[in-house]
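Undergrad: Before I ask anything, let me first share the structure, which is written out below as C-alpha cells.
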C-alpha cells in the first residue's frame, strides 16, 4: 500500500526540509517582560497601535493578551494566523508529521494555554519567521507582540512552497493513478496542498505575489481528481460461498449497489479489485415455538494481482425468527440485505476519506 511503502520516505524528507526551514528562521528569544504598576499612560503604544514601532509597509504584526506571558505570546501568534485568514487546526498531515517526530524526541510541539487553545505544529510551521518582539505586563494582564518581517517572510515562504510542491509532485508520480493507491496519493496530495495554499496566502499578504509559482493546484482540485479516480476503478462483487442461500441475489446486489453509490464502477472478471463476499446461514437451536436462522457475512475488498486486502474486511451477523424455518432463513437474508444497505456505504466512505 502507498501508505506503508511510499509515504514514510516522503514524510521524513519533507519533515526534515520543513524543520530545517523552521529552525533556520526560528523566533529569536523574546525580550524580558517589562512590568508596570503605574497608570494606563505607562502602557506601551504598540498594545493599541501595533504598527507604532513596526511600520505596516515592512512588517505584519499582531497583539495577544492573556493571564500569563506564555498565553499572551501564543495568542499573538494565533492572531497573526488570523490576519492571513487561517485558523488553528489539528487536521493537517504536516501537523501530524511534526507531532510524531517531536513526540519521539521526548518533547511536545503543542502547548495548551489557559484559554484551552492550541498552536499546532502546522501553525508553527506556517509562522516560520515570526518573532515575539515585545512583552509587557501590568499585574495579571500580559501582552505580547508577534512580528513578521515581510521581506524575510517572502524569502522563507517561497522556499517552503517550493518544497511542498516538490513533495506533491513526487507523491502523485505514479504510472497508473486509477487504483486505490492512486486515490490515496491524490488525497494525501490534497492535504499537503491545503498547507501550501495557506503558505501562498501568507506570501501574497507579505507582498510576494510575484513569487507565487504559476499553475499551482488547490486542495479542492486534488480532491476532485481523487473522486474521478474512484469513478474509474472497476470492482467485481463475488459471492464466494453461500450462494445457495441467496437465490434472489439480494446480498450480492446490495454490495454492488453500495459500491456504485460510493463511485466505483461495476467490474467483470478482468477487474483489478474484487469484493469477495461469504454468506453463512445456520439454523439456531431454540426451545422457543418459533424457528430461528442466523446469518454471518464477511466482505473483503481485495487487490486481485496481490491477493491482499486493501480495505478492512466488513463483517455482520444476526438472527431472525418465524414459525417455520424456511421463512426464518428468508428473513435472515432480507435482514442482512437491509443492514448492508444502511451501513456499508458509510463505513466504506469513512475509510476511503482516511486513506493517505
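The values are calculated or read from the model by the stated rules, or taken from the named source; none is laboratory data. Nothing here was measured: the structure is a model prediction, and the numbers come from that model. With ideal geometry, Cβ positions are generated from the backbone for all residues, glycine too; neighbour counts draw on all protein chains shown.
Undergrad: Any residue in the range 272-282 that is in contact with a strand residue (DSSP E or B) (Cβ under 8 Å, 6 or more places away or on another chain), more than 27 Å from residue 350 (Cβ to Cβ) and assigned to a strand (DSSP E or B)? Talk me through it step by step, then tell me what you get.
TA: Narrowing the range 272-282 to residues in contact with a strand residue (DSSP E or B) (Cβ under 8 Å, 6 or more places away or on another chain): 272-282.
Still in the running and more than 27 Å from residue 350 (Cβ to Cβ): 281-282.
Those still in the list that are assigned to a strand (DSSP E or B) too: 281-282.
The answer is yes, given that some residue of the range 272-282 is in contact with a strand residue (DSSP E or B) (Cβ under 8 Å, 6 or more places away or on another chain), more than 27 Å from residue 350 (Cβ to Cβ) and assigned to a strand (DSSP E or B).
Undergrad: Could you identify the single residue in 320, 343, 337 that is surrounded by 13 or more Cβ atoms within 10 Å (Cβ to Cβ) and part of a strand (DSSP E or B)? Step through it out loud before you land on a result.
TA: Details: 343 fails: part of a strand (DSSP E or B); 337 fails: part of a strand (DSSP E or B).
None of the other options fit; the residue is 320.
Undergrad: I've got another one for you. Read through the list (1) free of Cβ contacts under 8 Å to residues at least 40 places away in the same chain; (2) surrounded by 14 or more Cβ atoms within 10 Å (Cβ to Cβ); (3) more than 26 Å from residue 187 (Cα to Cα), then give the number of the only condition that residue 288 fails.
TA: (2)
Undergrad: If you check 292, 301, which single one turns out to be in contact with a strand residue (DSSP E or B) (Cβ under 6 Å, 6 or more places away or on another chain), part of a strand (DSSP E or B) and over 21 Å from residue 343 (Cβ atoms)? Spell out the reasoning first.
TA: Working: 301 fails: over 21 Å from residue 343 (Cβ atoms).
Testing whether each residue is in contact with a strand residue (DSSP E or B) (Cβ under 6 Å, 6 or more places away or on another chain), part of a strand (DSSP E or B) and over 21 Å from residue 343 (Cβ atoms) leaves just 292.
Undergrad: Moving to a separate point now. Just checking, which of 202, 147 is in a helix (DSSP H, G or I) and farther than 30 Å from residue 349 by Cα? Can you show your working first?
TA: Details: 147 fails: in a helix (DSSP H, G or I).
Residue meeting the stated conditions: 202.
Undergrad: Right, something else. Here are some conditions: (1) on the phi < 0 side of the Ramachandran plot; (2) outside the structural domain of residue 311 (by TED's automatic domain parsing). Residue 251 meets all but one. Which one does it not meet?
TA: (2)
Undergrad: Kindly indicate whether any position in the range 199-221 is within 30 Å of residue 275 (Cα to Cα), in contact (Cβ under 8 Å) with a residue 60 or more places away in the chain and crowded, with 17+ Cβ neighbours inside 10 Å.
TA: No.
Undergrad: Take residue 193 and tell me if it is under 30 Å from residue 349 (Cβ atoms) and surrounded by 22 or more Cβ atoms within 10 Å (Cβ to Cβ). Please lay out each step first, then the result.
TA: Numbers: under 30 Å from residue 349 (Cβ atoms): yes; surrounded by 22 or more Cβ atoms within 10 Å (Cβ to Cβ): yes.
Yes; evaluated as a whole, the condition is true for this residue.
Undergrad: Residues in the range 225-251 that are assigned to a helix (DSSP H, G or I), more than 29 Å from the chain's Cα centre (by Cα) and surrounded by fewer than 20 Cβ atoms within 10 Å (Cβ to Cβ): how many? Give the derivation first.
TA: Restricting attention to the range 225-251, the residues satisfying the condition of being assigned to a helix (DSSP H, G or I) are 225-231, 243-245, 250-251.
Filter once more, so that each one left must be more than 29 Å from the chain's Cα centre (by Cα): 243-245, 250-251.
Next cut, surrounded by fewer than 20 Cβ atoms within 10 Å (Cβ to Cβ) only: 243-244, 250.
Qualifying residue count, the range 225-251: 3.
Undergrad: Moving to a separate point now. Looking at residue 265, is it modelled with pLDDT under 95, touching a strand residue (DSSP E or B) at 6+ places or on another chain (Cβ under 9 Å) and under 17 Å from residue 246 (Cβ atoms)?
TA: Working: modelled with pLDDT under 95: yes; touching a strand residue (DSSP E or B) at 6+ places or on another chain (Cβ under 9 Å): yes; under 17 Å from residue 246 (Cβ atoms): no.
Considered against the rule, which asks whether it is modelled with pLDDT under 95, touching a strand residue (DSSP E or B) at 6+ places or on another chain (Cβ under 9 Å) and under 17 Å from residue 246 (Cβ atoms), residue 265 comes out as no.
Undergrad: Select from the range 176-198 the residues that are in a loop (DSSP other than H, G, I, E, B) and touching a residue at least 60 places away in the same chain (Cβ under 8 Å) and list them in ascending order.
TA: Initial filter on the range 176-198 (in a loop (DSSP other than H, G, I, E, B)): 176-179.
The one that is in a loop (DSSP other than H, G, I, E, B) and touching a residue at least 60 places away in the same chain (Cβ under 8 Å): 179.
Undergrad: Output the residues belonging to the range 131-148 that are at pLDDT 90 or above and crowded, with 18+ Cβ neighbours inside 10 Å.
TA: 132, 133, 134, 135, 136, 137, 142, 143, 144, 145, 146, 147
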